[in-house]
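S.K.: This structure is in structure tokens; I'll ask about it shortly.
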Amino acid sequence: MVNTVQKSIRILELLAEKSDLGLSEISRSLEFPKSSVHSILETLGAGKLVERDESTGRFHLGVKLVELGNRARLELDICRIAAPFLQGLNAEFDETVHLTVLDRDEVLYVDCIESRRRLRTYSVIGVRAPLYCTSVGKAILAFMTDDEIRRIAREKGLARITEKTIDSEAKLFDEVALIRKLGYAVDDMEHEEHLRCVGAPVRNARGEVFASLSLSGPAERNTRERIELMAPFAVRAGQEISRRLGYRP
């Protein structure tokens, strides 16, 4: 028995092959009951995955799929392009290296190379983290407009996670000013106790900071002096990835 999700996928695949199909044509082609197809099309339409031409009553793929496809392609592109630079940072410092992208006002971890040391930062691809208290997040947040930063701070909040977490807009904007000046961000045990990280921005072809990378490890090893040593390497890696994504200063 074909479940609703499988039917939805089959309908989308059919519309990708043969755009502008009517309800009866979809039902006949897939041998699904017309009532079932109608219900699925209504749901897909509400999510803008499918659109209906009001003049003909025929269906075609929706704009949301273009957005999702572009996002998937972008994430695949950045992972492929960034890979040698992440490997280089990991080999140089033997610390865990992360790659993140901006997603719904948070960072989404899309790639990671762990340190080979026994005491190291562990990570899981696919997890999310706040912008205001992580080096990868602040490396993106700092290059947004001030109005956008205020909106995110007020909508998401500035919860105090550790004793060092930034917990006010005034402190956040002080940090933003410093990041804009230095070109990199530091998480000084703000998101996790005993963890210190340095993050650098990655720009797309339009010059927008949409991603970031970081080196992270135990604070006892990653002293402030070592963070300052690693920072230029992280910044250069971010710049090289940006250049390969089409960014030109």
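S.K.: Go through segment 132-156 and give me each residue that's farther than 16 Å from residue 215 by Cα and either part of a loop (DSSP other than H, G, I, E, B) or not charged (D, E, K, R) (or both).
M.R.: 132, 141, 142, 143, 144, 145, 149, 152, 153
S.K.: May I pose another question? Quick one: how many residues across segment 9-38 are surrounded by 13 or more Cβ atoms within 10 Å (Cβ to Cβ) and either in a strand (DSSP E or B) or basic (Lys, Arg) (or both)?
M.R.: 3
S.K.: May I ask you to list the residues in segment 195-245 that are within 18 Å of the chain's Cα centre (by Cα), part of a loop (DSSP other than H, G, I, E, B) and not charged (D, E, K, R)?
M.R.: Once the filter is applied, which keeps residues that are within 18 Å of the chain's Cα centre (by Cα), part of a loop (DSSP other than H, G, I, E, B) and not charged (D, E, K, R), segment 195-245 yields 204, 205, 207, 245.
S.K.: Kindly list the number of the only condition in (1) among the polar types (S, T, N, Q); (2) at pLDDT below 90; (3) out of contact with any His (no Cβ under 6 Å at 6 or more places or on another chain) that fails for residue 8.
M.R.: For residue 8, the exception is condition (2).
S.K.: A further question follows. Being touching a helix residue (DSSP H, G or I) at 6+ places or on another chain (Cβ under 9 Å) and surrounded by fewer than 22 Cβ atoms within 10 Å (Cβ to Cβ) is the filter here; which residues of segment 206-222 pass it?
M.R.: 207, 209, 210
S.K.: Any residue at all in segment 82-93 that's of a type in the set (D, E, K, R) and in the same structural domain as residue 121 (by TED's automatic domain parsing)?
M.R.: yes
S.K.: Further question: Residues in segment 11-22: is at least one in contact with a Leu (Cβ under 7 Å, 6 or more places away or on another chain), among the small types (Gly, Ala, Ser) and closer than 30 Å to residue 104 by Cα?
M.R.: The answer is yes; a qualifying residue exists.
S.K.: Which residue, of 200, 205, is modelled with pLDDT under 95 and in contact with a Lys or Arg (Cβ under 9 Å, 6 or more places away or on another chain)?
M.R.: 205
S.K.: Say whether the condition of being in contact with a Phe, Trp or Tyr (Cβ under 8 Å, 6 or more places away or on another chain), closer than 25 Å to residue 125 by Cα and at pLDDT 95 or above is met by at least one residue in segment 168-175.
M.R.: No - not one qualifying residue is present in segment 168-175.
S.K.: Could you grab the pairs with beta carbons closer than 8 Å, sequence gap of 6+ or different chains, first residue in segment 159-188 and at negative phi, second one assigned to a loop (DSSP other than H, G, I, E, B) and polar (S, T, N, Q)?
M.R.: If the second residue must be assigned to a loop (DSSP other than H, G, I, E, B) and polar (S, T, N, Q), the pairs left are 159/165; 187/134.
The values are calculated or read from the model by the stated rules, or taken from the named source; none is laboratory data. Predicted, not measured: the structure shown is a model, and the values here were computed from it. All Cβ positions, glycine included, derive from the backbone under ideal geometry; neighbour counts span all protein chains shown.
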